[in-house]
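The next block holds one structure in the form of structure tokens; read it before the comments.
FYI, it's all coordinate maths here, none of it is from the lab. Only a predicted model underlies this, so the values are computations on that prediction, with no experimental measurement involved. Cβ sites come from the backbone with ideal geometry, for glycine too, and all protein chains shown count toward neighbours.
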Amino acid sequence: MIHVTDDIVLQDWELAESFTRSTGPGGQNVNKVSTAVELRFEAARSPALTSAVKARLRRIAGRKWTTDGAVVLRVEDTRSQARNREIAADRLAEMVRAALVAPKRRVPTKPTLGSKRRRLEGKKARGEVKALRGRVPGDD
């Protein structure tokens, strides 16, 4: 069970953990002990999240979102399995918290009169510079 906020709690049936051996250096420990954690959260079936939150979570998760609607996090940061489990739970909770925040709606604004004038003056100045280019008359 993972507490995301006071209101939202991810239940155990929504989560699945599997353990594998970590990659990289570490000597015999890497070859013997399954310390890497793969945390799977069934986000699409979760009753704790609204459809809007699920859509934002899907965008935030990116490649971690599977075709069947689950978020899969793999953590092999430390040599301790327990610590890797904590890190995975924290990362998942942080992802869900980020998905809970609805983005501010952008209000389109019109350009100011001053900015329009500056733009047109700049265009006119560039046009004058370009008009001065080319052959000089009477210089044959």
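Hey, could you get me the Stokes-Einstein D for segment 95-140, Kirkwood radius over alpha-carbon pairs, 4 °C and 1.567 mPa s, rounded to whole µm² s⁻¹?
Values: Rh = 15.6 Å.
D = 83 µm²/s.
Just tell me which lysines come within less than 28 Å, Cα to Cα, of K123; anything on the same chain fewer than 8 places away is out.
Once the sequence-local lysines are set aside, what remains near K123 is K110.
Restricting to DSSP H runs of at least four residues, report the calculated mean residue ellipticity at 222 nm for the chain, -39500 (n - 2.57) per run over all residues, nearest 500 deg cm²/dmol.
When only DSSP H runs of four or more count, the value is -12500 deg cm²/dmol.
Need the list of lysines near K116 for cross-linking: C-alpha distance under 24 angstrom, and skip anything on the same chain fewer than eight residues off.
Within the straight-line cut-off, K116 pairs with K124, K130.
On C-alpha positions alone, give me the angle between the axis of helix 81-100 and the longest principal axis of the chain, in degrees, nearest 10.
Helix 81-100 sits roughly 40 degrees off the main axis of the chain.
7 Å from Cα along Cα→Cβ at both R21 and K116: what's the point-to-point distance in nm?
Rounded to a tenth, the inter-label distance reads 7.1 nm.
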